[in-house]
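Here's the structure we're looking at; comments come further down.
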Protein chains: 2
Amino acid sequence: MTSVSRGRRPGSPDTRSAILDAARTMFARSGLSGTSVRAIAAAAGVDPALVHHYFGSKDELFVAALQLPFDFREVLAPVVAHGADGAAERLLPVFLSIWDDPQLQPALLALARSLTDPSSKELMRDGFLTVVIGPIGAALGLEEPERRMPLVASQMMGLIFMRYLLEVEPIASMPADELVATFAPTLQRYLTGPLPPGTPAA
Amino acid sequence: MTSVSRGRRPGSPDTRSAILDAARTMFARSGLSGTSVRAIAAAAGVDPALVHHYFGSKDELFVAALQLPFDFREVLAPVVAHGADGAAERLLPVFLSIWDDPQLQPALLALARSLTDPSSKELMRDGFLTVVIGPIGAALGLEEPERRMPLVASQMMGLIFMRYLLEVEPIASMPADELVATFAPTLQRYLTGPLPPGTPAA
């Protein structure tokens, strides 16, 4: 572990980005649960209180470190607010409008491409699912969200790969409303439909 | 374009691998349809007749160039032979037994990781889907196989990412029979179920 301590003044303009750099490095190395705010603060050469001052909780810092080009939780709030019934048909258009936005797409594609980096395993498994996907399932009031949300993520991820990364037709050129009608039944079954009896959620 | 002509004797032991090397390079650069057997032969410094001698058609050469650790068409023959009804429940166990095989998994993971290379776009879009996925749909006797098989591929790809690359729980540890029961209804709907009226297949 390298400790980068350059004696930055608390509150200097680059304190925030030093914390973010340290957080990205350490989350990628050790995942969300294996990384403490104290260790990030030490690596950035700042007091832990400053980390909380700039970012709030560790989860908030993780979300900031993901560098998503928008606040997905804000965007998804209307979807989540109406509960699980019909959620797939509300979720997919929002999701597609984000991905189809030419301003946002480059950053999202870079994020999707990084999924095959070995370091992404920690970030995704331990972080993105816990901090991003998990809370959506909880907010929707799902039964067994820990089991259902990864199923949703599996189809979303496959759709992203086919449409945006590999540009496989006809998915690549399909109008949003046809994509919604095609994939919503799958997602809605994962959200609220019958699943086989199985392994209890971890 | 570099032409590697080292005057190999026809039929020398490394002629076959020289052709394969040239094919991989050129398929990755120009895709299946943009690459001719003649051009591959020229790059490998052999007569085009030798390419046909070793590999048969261009499609066969493409499959060889993918370097899959098994002949997937042989493996899938029993699935395909029984038609589209219930095909998802026959396809998934075969698919999972291949991916869960510790002998095969490293090569398959390397292939999956390479999907985010920009060169994979050509290989996947123009090659894998045409040569591998497409014929399965045709052999199953699907209606609109060009529209349905990419949907199947989208869920399979997402399952692979969640289970094998990112190792997201509970999907990563789920027994095969639970995975089949969870994902088969999705795949069967894509194969034979109602789809929204939409863009005609290209």
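Values computed for the structure shown
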| item | result |
| --- | --- |
| Distances in nm from B:Pro135 to the matching label points in the other copies, shortest first (labels 7 Å along Cα to Cβ) | 4.9 |
| Whether the stretch B:82-125 is rounded, prolate or oblate, judged on the alpha carbon gyration tensor where a/c under 1.5 counts as rounded | oblate |
| Closest approach to the axis - chain B beta-carbon, rotation onto A, Å | B:Gly158, 1 |
| Label 7 Å beyond Cα on the Cβ vector: B:Arg29 copy-to-copy distances, nm | 4.1 |
| Peptide-level mean, for B:172-179, of C-beta atoms on other protein chains within 10 Å | 3 |
| Helix-derived mean residue ellipticity, 222 nm - over chain A, DSSP H n ≥ 4, -39500 (n - 2.57), to 500 | -17500 deg cm²/dmol |
| Two-site label geometry, A:Ser33 and A:Ala172: point separation in nm, points 7 Å out along Cα→Cβ | 4.0 |
| Additional length obtainable on full extension of the chain from B:Ser57 to B:Gln105, 0.36 nm per residue less Cα span | 14.5 nm |
| The stretch B:147-171 versus the stretch A:20-66: alpha-carbon centroid distance in Å | 31 |
| Copy-to-copy label separations for A:Pro118, where each label sits 7 Å from Cα toward Cβ, in nm and ascending | 2.5 |
| 30 Å Cα-Cα reach of B:Lys121 towards lysines, excluding residues that sit fewer than 8 places from it in its own chain | A:Lys121, B:Lys58 |
| Sorted peptide list for B:167-177, A:88-98, B:73-83, criterion being average Cβ within 10 angstrom, highest first | A:88-98, B:167-177, B:73-83 |
| Three-way shape label, the protein assembly as shown, alpha-carbon gyration tensor, a/c 1.5 | oblate |
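All of the numbers you see were taken from the coordinates with simple rules; none came from a lab. All figures in this text were calculated on a predicted structure; none of them were measured in a lab. Every residue, glycine among them, receives a Cβ derived from its backbone with ideal geometry; neighbour counts consider all protein chains shown.
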